[in-house]
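Reviewing the structure listed below.
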Amino acid sequence: MPAEWQSRLRNLLVALDLKSSGKWFVLSTLIGIVAGLGAITFQLASQSVLHFTLAQVAGYTPREPAGEHSIFPHRERTLSPWLIVAVMAGGGLVSGVIVYTFAPEAEGHGTDAAIESFHQKRGFIRARIPVIKMITSAITIGTGGSGGREGPIAQIGAGFGSFLATQLKLSARDRRIMLAAGMGAGVGSIFRAPLAGALFAAEILYRDADLESDVIVPAAISSIIGYSVFSLFLPADQRFVPLFGSHLNYAVASPAELLPLTVLAFILVLVGIVYIKFFYGTHHQFKKLPIIPHLRPMIGAAAAGCCGMALYYLTGKDERALAVFATGYGTLQSAVEDSGSMGVWLLLAVAVVKIVTTSLTIGSGGSGGVFGPSMVIGGCVGGAVGTFFHELWPDLVPRPEIYAIVGMAGFFAGCAHAPISTIIMVSEMTGDYKLLLPTMWVSTLCFVLGRPWSLYEKQVASRLESPAHRGDFLIDVLEGFVSRMCRSKHGNW
């Protein structure tokens, strides 16, 4: 940033009073604009990579969710299944070489890196990391790697927030707040869920039921701005349309349906434990491979491709099984629209193999998020459970699609320890707020039952255990100690 612009912006912040909300309005607006533009750039990059690799070479174009906009026209092509594996391996190789040459911190899912920067690194993120993360994640997801978009986008927003605070020579506390606001802006824009983005930034930092309260207002401003900027990129008829469309209109038929939903919560927790254990187990095994790290993402992507192809042939060449590649949102769209048409076994097979392909793609060092795959896994498990209960008790469970939506929220709430933001995010992504009661019930149960396990290793238990707040609590202790000493010496004064 040029010195002249730094000086002007710093003077503006002084004029607004550094301790007032005016400062945060200006800074959060800037973060939101950059996060929105970053989300647009990432979307264009990943779609371009997908079009010129998977679509052109292998003849496979993943189905998009109802509210998604593709910049390339869809053309029917002959699917070449094993070319998908070759494309994925090539994408893993390119991604691995870029990451481990220029920014090894950009490996993996990204959100953990931002959380670690908040707690352990005074909110500092190297300026090159968001750029490398965006490029490599677009390559990974665009070539079919199983990953989500929230990690890259969150790191782009967080990286700019950290960079801006560093350039303006703000305090470590302000830099942490701007980093978290950038995370919220990125998530709120790419998923078109501004409220959830703000809460996500405050909630994802901790493993227990704790919120970073200082972050909420700046994150809300930046998330709204990022969401608005990203919406301008969409066609006029798709602006402000939820990711999975606005035509969903579901409601729980009876309070008695909370009983099968309770069963769903227990199943989601068990699957979540398997997901977390398998993900990090795969990650640790890849770390032990006696090869240079640049090649590990290629091996992981190729193995993920082979697993996906095995499922494709076992299901009679059902293209919905290919949800185990890329984001998988197209098949998730089918699950929330009519999970019964997919059947229990196909839904469960997609969920299980998605766990494997995500672990191989991201755990090997590939670049991408874990929120998107979690939505697919949870949605498919929920759809399978709902379909099972619908066939068993059709009067009690008339709409199994409800379980797919609730499963999305409950699964990630348990795995990521973020129940509040996840409840809101799934509601915003589906445009359906009538399911808040079952979603809250299942998400709360999953959060409580899944507390010993977390998908984000860098989370700390609470603010009390965060190095970011260690000084704050020390001051409180000293003030209390001095107050008690004064009272004991002079009486009640």
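Some values worked out for this structure:
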quantity	calculated
Candidates HIS119, HIS109, filtered to the one that is touching a strand residue (DSSP E or B) at 6+ places or on another chain (Cβ under 8 Å), touching a residue at least 40 places away in the same chain (Cβ under 8 Å) and surrounded by fewer than 24 Cβ atoms within 10 Å (Cβ to Cβ)	HIS119
Hits in region 440-465 - residues which are over 18 Å from the mean Cα position of the chain (by Cα) and either closer than 23 Å to GLN238 by Cβ or assigned to a helix (DSSP H, G or I) (or both)	MET440, TRP441, VAL442, THR444, LEU445, VAL448, LEU449, ARG463, LEU464, GLU465
Members of region 375-389 found to be of a type outside the set (Val, Ile, Thr), in contact with a Gly (Cβ under 7 Å, 6 or more places away or on another chain) and farther than 15 Å from GLY328 by Cα, listed by number	GLY382
Hits in region 184-243 - residues which are modelled with pLDDT under 85, crowded, with 24+ Cβ neighbours inside 10 Å and more than 17 Å from the chain's Cα centre (by Cα)	none
Extreme residue, nearest to GLN155 (Cα to Cα), among residues of region 203-219 that are part of a helix (DSSP H, G or I) and in contact (Cβ under 8 Å) with a residue 60 or more places away in the chain	ALA219
Within region 343-353, considering residues that are out of contact with any helix residue (DSSP H, G or I) (no Cβ under 6 Å at 6 or more places or on another chain) and farther than 24 Å from THR140 by Cα, the one surrounded by the fewest Cβ atoms within 10 Å (Cβ to Cβ)	TRP345
Matching entry among LEU44, LEU50 (being at pLDDT 75 or above, exposed (fewer than 14 other Cβ atoms within 10 Å of the Cβ), closer than 30 Å to GLY305 by Cβ and under 25 Å from the mean Cα position of the chain (by Cα))	LEU44
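The values are calculated or read from the model by the stated rules, or taken from the named source; none is laboratory data. Since we're looking at a predicted model, the values are computed, not measured. Glycine gets a Cβ as well: all are built from the backbone with ideal geometry, and neighbour counts include every protein chain shown.
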